Amino acid sequence: MTALAGLTSSARIRRLALSVFAVLVLVMLVLGLLGTPASESPELLLALNILFVSLVAFVVSYLAAAAFKDSGAWWVLGLGAGILAFGFSSFVAGWLMGAVGTNAAVTTFGIGMLVSGGFHSLSAFGVAAGAGELQQGPKRRLVTILSVYAVVLGFIVYVAIVSSAGLLPQFFVAGAGTTTLRSMVLGTSALLFSLPAIYFLARFNGTGAAFLYWYGLGTALWALSLVALLLTEPATALAWAGRAAQYIAGLALLMGVLSLIVESRRRGGTVTESLFDIIREPGEDFRLLFNTATDAIVSMDESGGILAWNPAAERMLGFRREEAAGRRFVDLVMPADSRATIGRQLALLSAETGDLVIGEAAENRVVTKDGNTLTVLLTMSSRRAAKGWLNVIVLHDITGRKKAEEALKKAKARATALIKHAPTGMHEVDYRGPRFLSANDTLCKMLGYSREELFAIGPAGLLDEEGKKVFADRMRRRLAGERVDEIVDYRVKKKDGSTIFVTLNVALSQENSLTALVIWHDITERKLAEARLRDIANKYSSLFDNTSDGVWINNLDGKILEVNNAYCTMSGYTREEITGMSLSQLEASESPQEVAEHIQKVLRSGGHDRFESKHRRKDCSVFDVDITALYLDREGGRIAVFVRDITERKKAEQIKDEFIGLVSHEMKTPLTIILGGLHTLVADGDRISEEENTNLLRDAYCEAGTLADMVGNLLELSRYQAGRLTLDGEPVDIPRLLRLMVERAKAQHPGHRFTIRCADVPLVIGDRIRLERIVYNLLDNAAKYSPDGRTITASGAQQGDELIIGIRDEGPGVPPEQQAKLFTQFERLEKDSVRGIRGTGLGLIACKRLVEAHGGRIWLESEVGNGSTFYFTLPLKSKAQDTGEG
């Protein structure tokens with residue numbers, strides 16, 4: 001058995017087999033060339049067909065039928081029907097060659113190959129698509145097998161009879177040779193055989209299963225033999241070489257059968273089970289999943305005896321695989337009070353109709369080897385196998401989760417007691433009110449109110465006017481779904497009229513995002529201490545000099561007392577130059593009164609404010625700033641100002657606003673024309689001429705195309721920026737695409753002349769819709785920048801392994817210093833607006849993104865006064881794609 005396994009799976013043997021097969025083909029070819037009389041013998045042909053093709057084919061078709069009967073996989077039955085058609089048609093053709101004549105034999109063989117190839121391709125497609133099984137019982141499957149095989153055999157017999165009687169079109173005419181019909185049938189059959197050959201050999205490369213290699217080799221040789229027969233007449237040397245390939249394919253198939261026998265012995269199952277498992281799914285992947293799964297997996301026979309026990313089960317339950325094998329699962333790990341229940345559930349699963357039944361996960365207890373009890377989620381499933389039902393149980397340990405749930409219950413109980421008796425104020429609030437849901441004794445004592453009085457006042461009623469505004473704003477943001485987690489200090493009025501300062505820590509409820517637990521911290525003493533220490537903290541904090549934001553401190557007269565390095569760098573002044581300057585010397589705001597009002601607000605509230613303004617650098621340039629002003633102390637009258645340069649952000653906002661305005665304007669023009677034309681047609685359509693009707697519709701159609709192109713470019717750029725620009729590759733005929741886009745451009749720009757210069761070029765693989773957009777954008781751009789009556793030329797030519805496409809215009813050209821701007825988003829040349837050229841500046845950047853997505857490049861060649869040419873490249877297909885060989 002070891003020697004047989006090496007014979008069928010060794011790479012060296014496979015290479016040797018290929019060499020021997022090639023030699024045999026050459027020998028048969030030489031025999032044909034020498035014209036050996038034996039090579040023309042019908043008896044020899046029949047014997048070779050039976051020995052090397054039919055017998056092996058009948059064995060494999062029997063194995064496939066048995067595998068279908070056990071599994072219900074229709075693609076296995078398809079393989080059996082295909083090989084049966086191959087073997088039987090070869091047998092009948094060999095017999096007809098001597099009994100009836102060449103044409104009947106050739107006809108029967110060719111149609112049999114077409115049927116066989118069709119079954120093989122259909123089966124390979126079913127395997128690749130992961131097709132399911134037919135929901136039939138064993139008896140119904142047997143009827144299906146007999147029906148399919150009988151139809152295949154009967155059809156071939158029928159073809160043999162009608163071809164012998166001369167009722168079918170001639171496949172071979174004596175003295176004239178083969179016919180076009182025979183060539184078409186054999187060519188189609190060769191193609192159908194090549195598809196499963198490629199698929200099974202690719203599957204072998206991924207799984208290493210020897211059967212896939214030999215079966216893929218056999219189908220590949222069948223395809224080659226049909227090609228040989230396609231190219232010649234039946235009795236020639238090349239035809240005998242083709243027959244030799246068929247016989248060698250039969251030997252390869254025999255090697256595949258031997259490999260199945262070896263695999264079945266290794267697995268301890270039947271040959272049909274091995275065939276099903278090898279083709280359907282790599283068994284090694286399942287074993288890897290079985291051995292590395294974190295959940296315990298146990299497989300059992302129909303009586304509940306343990307067959308397999310994965311490492312996770314050993315870790316979870318403590319029993320080694322050897323200890324568990326053969327013992328009943330319910331007796332080994334289930335508590336006595338649940339054994340009967342699990343047994344009944346397994347029996348119910350086995351009683352279900354169908355081949356696979358999966359139960360629902362349920363919570364159960366299991367007992368480990370050392371006597372501990374675990375809580376698990378237990379899922380049972382049953383599958384009908386060749387030797388009865390196979391039961392599988394999956395155990396997911398939730399002991400830790402159950403303990404955590406119990407701990408959580410206890411924690412909630414402790415939390416409730418803690419809130420009630422906590423030394424700090426706590427309450428629960430419903431943000432929708434807002435209203436109190438609960439309040440502990442400490443909060444009532446802190447504020448001097450009873451619980452009933454607090455509930456009547458509500459959370460906002462305890463705050464001063466400024467605090468109420470802040471509280472209402474935070475509630476609005478919170479209810480709108482915004483995250484509100486900044487810490488805010490509130491002034492709270494107690495029942496006796498005194499005021500305290502508090503901070504509120506909010507813990508949102510996980511069950512209900514509109515409720516929260518609020519913890520009160522009395523910071524009155526801290527606020528007083530902060531007032532005394534703020535000057536020291538700000539003066540000596542390393543943050544003052546090292547922060548990336550500019551910071552200064554000024555008095556109430558606006559004189560700057562201190563400044564940090566960041567603001568010096570920002571403004572261009574030295575620290576010595578800024579110190580002592582007035583704020584008015586730095587401010588460049590168009591409304592200085594607004595800045596003064598913000599400062600007064602800070603002074604009145606004793607807190608802080610944030611606003612935007614403009615500052616002037618030492619070189620007199622102006623930059624935008626975001627300012628936060630903080631009142632440090634009343635006695636000293638000092639204000640800390642934090643300055644952040646937001647020039648780039650403002651520029652970005654300006655670009656965005658300008659772009660939105662530009663797009664809105666450009667969209668408005670075609671929409672106005674479309675709506676105006678349609679309104680005229682609706683209101684006055686019966687009073688205007690047919691020619692005016694046509695002109696209005698044409699104008700509306702052209703403007704709708706302009707609008708669609710604009711929206712299309714926006715969508716392409718949006719997909720690119722979001723990382724969702726994907727291409728649908730297909731063969732594209734570039735000359736045809738250029739003609740279509742030129743016709744479209746002519747309709748949009750009737751005042752221009754368009755020409756095409758494109759020799760025969762290969763197909764390219766690309767996204768046809770995106771390539772049309774690229775070409776049309778460039779044609780439209782050329783028309784916009786060319787005077788009426790000028791010629792626009794579209795060209796295409798192959799250069800090396802690239803296809804270069806060019807769009808040339810006779811416009812004014814683009815100066816070198818402005819060419820770099822053309823492929824920048826939202827950029828247009830300055831003279832465009834002067835000339836009244838419509839556009840958003842999106843067309844060329846969309847072309848650039850789409851060309852680069854195809855693996856190409858785009859550039860401009862232009863000379864002022866001599867027009868411009870935009871070029872872009874597309875990579876050509878590989879040689880294998882060009883030939884289309886499979």
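Values computed for the structure shown
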| read-out | value |
| --- | --- |
| Positions within segment 397-448 being farther than 30 Å from L377 by Cα and in a strand (DSSP E or B), in sequence order | M426, H427, E428, V429, D430, R435, F436, L437, S438, A439 |
| Qualifying residues in segment 749-774 (those that are surrounded by 18 or more Cβ atoms within 10 Å (Cβ to Cβ) and out of contact with any strand residue (DSSP E or B) (no Cβ under 7 Å at 6 or more places or on another chain)) - the one farthest from P875 (Cα to Cα) | H749 |
| Residue tally, condition open to solvent by 40 Å² or more (accessible area, probe 1.4 Å) and more than 50 Å from the chain's Cα centre (by Cα), over segment 474-496 | 5 |
| Single condition K445 does not satisfy, out of (1) of a type outside the set (D, E); (2) open to solvent by 70 Å² or more (accessible area, probe 1.4 Å); (3) at pLDDT below 85 | (3) |
| Scan of segment 776-814 for residues that are open to solvent by 30 Å² or more (accessible area, probe 1.4 Å), in contact with an Asp or Glu (Cβ under 9 Å, 6 or more places away or on another chain) and assigned to a loop (DSSP other than H, G, I, E, B), ordered by number | Y785, P787, R790 |
| Residues that are aromatic (F, W, Y) and in a loop (DSSP other than H, G, I, E, B), drawn from segment 300-319 | F319 |
| Output for segment 461-473, where each listed residue is part of a helix (DSSP H, G or I) and open to solvent by less than 30 Å² (accessible area, probe 1.4 Å) | L462, G467, F471 |
| Residues of segment 74-91 that turn out to be over 20 Å from A197 (Cα atoms) and either in contact with an Asp or Glu (Cβ under 6 Å, 6 or more places away or on another chain) or surrounded by fewer than 24 Cβ atoms within 10 Å (Cβ to Cβ) (or both), as a count | 1 |
| Condition met for R698 (outside any loop (DSSP other than H, G, I, E, B) and modelled with pLDDT of 80 or more) | no |
| S542 exposed (fewer than 14 other Cβ atoms within 10 Å of the Cβ) and at pLDDT 65 or above | yes |
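The values are calculated or read from the model by the stated rules, or taken from the named source; none is laboratory data. No experiment lies behind these values; they were computed from the predicted model shown. Please note: Cβ atoms are built from the backbone with ideal geometry, for glycine as well, and neighbour counts cover all protein chains shown. Note: accessible area is taken over every heavy atom of the protein model, side chains too, but ligands, DNA and RNA are not part of it. Shrake-Rupley method; radii C 1.70, N 1.55, O 1.52, S 1.80 Å.
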